[in-house]
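**Student:** Can you keep this structure in mind? I'll have questions shortly.
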Amino acid sequence: MSAMSNSNWSRRSIFRAAAGMAAAGTLAACGGNNGRGGGSGSGTNLVQYFHAYGEAGTEQAIKRYAKAYSKADVTTNWITGSNFEAKLFSSLLTKQAPDVFEFHPQLQLVKSGQVADLSDIIDPVKDDFNPADIKSHTVDGKVYGIRMIDDPQFFYYRKSMLEKAKVEVPTTLDELLEAAAKLTTSKVKGAYLGNDFTAVQNPIIWSAGADTLDANNQIAYHTDGVVEGLKKLRQLFTSGHVLLDAPTDFWDPSSLNQGLCAIQWGGMWSMPAMQKALGDDLGVFPFPSIGGSGKQSVYNGGWSMFVNAKSENLEAAKAYVKWLWIDQKKYQEDWALSYGFHIPPRSSIAAEATKLKSGLPAEGVKLFTDYGHFDNIGFDQTMLTAFGDVIANSVRKNGNPEAALDACDKKVSVELKKLFG
Amino acid sequence: MSTTTTRGVAQPASAKASQARPRRGLRSNATLNFWLFTGPFLIGLVIFVFVPIGWSIWLSFFDARYTVTPSHFIGFDNYKQILTNSNFPESLLTFTVFAAFIVPTTWALSLGLALLVNQLRFMRAFFRSVFFLPTAVSYVAAALIWKMSIFSGVRFGLMNTVLGWFGVDNIAYLANPSPPWYWLVIVSLRLWIQAGFYMILFLAALQNIPAELYEAAAIDGAKRGWQTFRYITLPQLRATSTAVILLLLIAAYQAFDEFFNIIGTKATWAQTPLMELYKTALGTSQDYGAGSAGAVILSLLICIVTLAQGKIMGFGRGEEVK
């Protein structure tokens, strides 16, 4: 009996222990895998979110910089895949939100109180930053993000292929259509503008002489020039002279490097990889002008650091951002120039960037200076998506551009009302 | 249990009590065991399913941009917005058409495979495994293989290589919506990954049909083949068919992974309802109110379609004849 009793007691114990472990496991699972470190260092833990850069060594570099910071333990969440935005936005609503994250200047982040005012840390060095970068991060006189890198986007082309086909570098969209036709062979397509053409959605607006929003934050993209540009792009899309469904998108240099196309839209970050593969057989030109009042354009993209305004470690996060992206010039230079080329947003670093002083990089910098357009903080993600639908419906799907722009206007107007009243 | 038996033998007077005790103990243990094993799952169900559903319904009546704890009540404005000023209604229409195609196709293919495998005398286990294995592949992995290897638009994509042998130019299956080759990519993937699972369900049901029914039919002069399939096999599979169609319908409306990875969110076609809600709530707008309103509408639609299908096909009434 006693043995039986013991056995029962033992079984109950096992059940209890198992239930306890299950409950503990469930609770642990609820709070686990948040990316935060164990707190072995100074006691303050910070989490930063980065999207996965394509250039080799970037992840290690960011983690190396973070490790060198002594006043907090900084954990990096390096988010792979194409849903960085979704992961960032959803996490910002939770207690697992990052303290520091990279993104693009967006008014809705400011209006909703998701990003902290960084004016106090950037004001002392404000004059050293590209004024356009400062402007694109400023709302009501306050600066809400620190630009890490400027990434101009333009066309790359194979000089030898254009010479062989007796094609001049296109300066208008009509010339680009002609060039693509002449450059297309049985194995090579004339041009590549990305698989869905959305990479060039802003350049179409600017090259047609329009803008996303005007100075009063009203719709400025709905012009005859933009309509003409959309129709021309439709012609290009259906011509059979553009590369479609490539294994990698515009941000990757593979399509040009592997000889799948003669002209490719891309970013300055791809330049070192392209030069390594193609040597001097490489040139760059801006997005061609559209219509009589158009002008060639370059989209100056890039990434900026923001601090989560609701972070429990707000001051520590700001201190880290100041340390890395304002004080540590050697890391900023390393980040901009060692893993693909980017233009340092700080004039003092850009002035000493010898890698950008000559040859093709210098040409890229000149395009950035002469034709560059920066993000408008008021033209937010919802508006960008709405204009992306215009590209999908009128360029890829053969819809009426006017009707597509009207539909876009409706969505953008609702958004403008929400943002500006 | 053995202790009770021994007691009963040794002390007959207390046999009644000792008979009752183990039953009470058993019931008590059964109840305890029930809660022990189902409790954690029920707690999980409440926390991760019922609370979010309730929260979602609540959010759908508030202006919940950039927040999931809003305070501004706006009534049915989110419903109005998602139904009039978004791509959500179009996605519902597209996926009703998609469901109308993929459900009967998958049903027919999986039933056909089950019939074939059931007929086999040799290597049945092998073929059963071959057809079932794709079920174990994740939709994401399969989508990437379909997109980047088989249906890539460049000359070294598998399909374009094969077509090239016959002098056909490269086809951009996914970037260009006209002609809509993207449906070929998606439907072939979905059939490949799904059919094996439903084949197993049909196979189990087929093996449950009593052989006597076929023997009796043969004695009555029924011809083997279509006649026995039409009048014996198919009616016997009614309950399984109803369940399969129900699952397929729900899966069609809940499609996300392969569409997200094959078509992407930059298109305005072949956007599943869940993708539209994902874009509205999580992707770009962070409009949790409108996204929740869409989720409520989608849930109601799935419920209605499911109930209608159950009503038409008699779900719950159509027990297979044993």
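The values are calculated or read from the model by the stated rules, or taken from the named source; none is laboratory data. Bear in mind the structure is a predicted one, so any value in this text is a computation, not a measurement. For neighbour counting, all protein chains shown are included, and Cβ atoms are generated from backbone atoms with ideal geometry for every residue, glycine included. These accessible areas exclude ligands, DNA and RNA; they are computed on the full protein's heavy atoms, side chains included. Shrake-Rupley method; radii C 1.70, N 1.55, O 1.52, S 1.80 Å.
**Student:** With respect to residue A:184, determine if the residue is within 14 Å of another protein chain (Cβ to nearest Cβ) and in contact with a strand residue (DSSP E or B) (Cβ under 8 Å, 6 or more places away or on another chain).
**Tutor:** In short, yes.
**Student:** Determine the pairs where a residue that is within 19 Å of residue A:374 (Cβ to Cβ), located within the stretch A:334-350, has a partner that is at pLDDT 95 or above and basic (Lys, Arg) with Cβ atoms under 6 Å apart, the partner being 6 or more residues away or on another chain.
**Tutor:** A:345/A:147; A:349/A:329
**Student:** Could you list, in sequence order, all residues of the stretch A:395-412 that are at the interface with chain B (Cβ under 10 Å from one of its Cβ atoms) and in contact (Cβ under 8 Å) with a residue 40 or more places away in the chain?
**Tutor:** A:396, A:398, A:404
**Student:** How many residues does the stretch A:351-364 hold that are free of Cβ contacts under 8 Å to residues at least 60 places away in the same chain and of a type outside the set (Lys, Arg)?
**Tutor:** 8
**Student:** Taking the stretch B:23-68, which residues are loosely packed, with under 11 Cβ neighbours inside 10 Å and of a type in the set (Ser, Thr, Tyr)?
**Tutor:** Result: B:28, B:31.
**Student:** Would you point out the residue of the stretch B:256-292, among those that are touching a strand residue (DSSP E or B) at 6+ places or on another chain (Cβ under 8 Å) and small (Gly, Ala, Ser), that is least open to solvent (accessible area, probe 1.4 Å)?
**Tutor:** It comes out as B:289.
**Student:** Mind checking which residues of the stretch A:69-95 are over 23 Å from the mean Cα position of the chain (by Cα) and within 14 Å of chain B (Cβ to nearest Cβ)?
**Tutor:** A:94, A:95, listed by residue number.
**Student:** Working only within the stretch B:164-217, note down all residues that are assigned to a loop (DSSP other than H, G, I, E, B) and either open to solvent by less than 50 Å² (accessible area, probe 1.4 Å) or among the polar types (S, T, N, Q) (or both).
**Tutor:** Of everything in the stretch B:164-217, those that are assigned to a loop (DSSP other than H, G, I, E, B) and either open to solvent by less than 50 Å² (accessible area, probe 1.4 Å) or among the polar types (S, T, N, Q) (or both) turn out to be B:170, B:171, B:172, B:173, B:174, B:175, B:176, B:177, B:178, B:208, B:209, B:210.
**Student:** Could you count how many residues in the stretch A:273-299 are surrounded by fewer than 24 Cβ atoms within 10 Å (Cβ to Cβ) and either within 29 Å of residue A:142 (Cα to Cα) or among the aliphatic types (A, V, I, L, M) (or both)?
**Tutor:** Residues flagged as surrounded by fewer than 24 Cβ atoms within 10 Å (Cβ to Cβ) and either within 29 Å of residue A:142 (Cα to Cα) or among the aliphatic types (A, V, I, L, M) (or both) within the stretch A:273-299 amount to 6.
**Student:** How many residues does the stretch A:324-339 hold that are within 12 Å of residue A:355 (Cα to Cα) and hydrophobic (A, V, I, L, M, F, W, C)?
**Tutor:** Total meeting the criteria: 2.
**Student:** Examine the stretch A:99-115 for a residue that is closer than 24 Å to residue A:319 by Cβ and in a helix (DSSP H, G or I), and state whether such a residue exists.
**Tutor:** Checked the stretch A:99-115: at least one residue is closer than 24 Å to residue A:319 by Cβ and in a helix (DSSP H, G or I).
**Student:** Name every residue in the stretch B:69-110 that is open to solvent by 70 Å² or more (accessible area, probe 1.4 Å), of a type in the set (Val, Ile, Thr) and within 14 Å of another protein chain (Cβ to nearest Cβ), in order of residue number.
**Tutor:** B:69, B:84
**Student:** Also, quick follow-up: Any residue at all in the stretch A:180-188 that is buried (at least 22 other Cβ atoms within 10 Å of the Cβ), modelled with pLDDT of 95 or more and under 29 Å from the mean Cα position of the chain (by Cα)?
**Tutor:** Yes - at least one qualifying residue is present in the stretch A:180-188.
**Student:** Do any residues in the stretch B:215-234 that are within 21 Å of residue B:204 (Cβ to Cβ) have Cβ atoms under 9 Å from those of residues that are surrounded by 12 or more Cβ atoms within 10 Å (Cβ to Cβ) and among the β-branched types (Val, Ile, Thr), where the two are at least six apart or on different chains, and which pairs are they?
**Tutor:** Here the result reads B:232/B:209; B:233/B:209, each pair linking the stretch B:215-234 to a residue that is surrounded by 12 or more Cβ atoms within 10 Å (Cβ to Cβ) and among the β-branched types (Val, Ile, Thr).
**Student:** Here is a list of conditions, (1) open to solvent by 30 Å² or more (accessible area, probe 1.4 Å); (2) modelled with pLDDT under 95; (3) within 14 Å of chain B (Cβ to nearest Cβ), and residue A:351 meets all of them except one; can you say which number that is?
**Tutor:** (3)
**Student:** Look through the stretch B:218-238, keep the residues that are among the hydrophobic types (A, V, I, L, M, F, W, C) and loosely packed, with under 12 Cβ neighbours inside 10 Å, and return whichever of them is farthest from residue B:125 (Cα to Cα).
**Tutor:** B:219
**Student:** Here are some residues: A:255, A:270. Which one is touching a strand residue (DSSP E or B) at 6+ places or on another chain (Cβ under 6 Å), open to solvent by less than 20 Å² (accessible area, probe 1.4 Å) and part of a helix (DSSP H, G or I)?
**Tutor:** Being touching a strand residue (DSSP E or B) at 6+ places or on another chain (Cβ under 6 Å), open to solvent by less than 20 Å² (accessible area, probe 1.4 Å) and part of a helix (DSSP H, G or I) holds for just one of A:255, A:270, which is A:255.
**Student:** Considering only residues that are of a type in the set (A, V, I, L, M, F, W, C) and more than 9 Å from chain B (Cβ to nearest Cβ), which ones fall in the stretch A:243-259?
**Tutor:** Of everything in the stretch A:243-259, those that are of a type in the set (A, V, I, L, M, F, W, C) and more than 9 Å from chain B (Cβ to nearest Cβ) turn out to be A:250, A:251, A:256.
**Student:** State all residues of the stretch B:253-279 that are at pLDDT 90 or above and away from every other protein chain (no Cβ under 14 Å); if no residue qualifies, say none.
**Tutor:** B:255, B:258, B:272, B:273
**Student:** Counting just the residues of the stretch A:123-150 that are out of contact with any helix residue (DSSP H, G or I) (no Cβ under 7 Å at 6 or more places or on another chain) and in a helix (DSSP H, G or I), which one comes out surrounded by the most Cβ atoms within 10 Å (Cβ to Cβ)?
**Tutor:** A:133
**Student:** If we scan the stretch A:200-215, do we find a residue that is in contact with a helix residue (DSSP H, G or I) (Cβ under 7 Å, 6 or more places away or on another chain), within 30 Å of residue A:318 (Cβ to Cβ), open to solvent by 40 Å² or more (accessible area, probe 1.4 Å) and away from chain B (no Cβ under 14 Å)?
**Tutor:** The answer is no, given that none of the residues of the stretch A:200-215 is in contact with a helix residue (DSSP H, G or I) (Cβ under 7 Å, 6 or more places away or on another chain), within 30 Å of residue A:318 (Cβ to Cβ), open to solvent by 40 Å² or more (accessible area, probe 1.4 Å) and away from chain B (no Cβ under 14 Å).
**Student:** Another question, if that's okay. Using the structure shown, decide if residue B:115 is closer than 27 Å to residue B:199 by Cα and either open to solvent by 60 Å² or more (accessible area, probe 1.4 Å) or not acidic (Asp, Glu) (or both).
**Tutor:** yes
**Student:** Still on this model: Residue by residue through the stretch B:285-311, note down the ones that are hydroxyl-bearing (Ser, Thr, Tyr) and not in a helix (DSSP H, G or I).
**Tutor:** Across the stretch B:285-311, the qualifying residue is only B:285.
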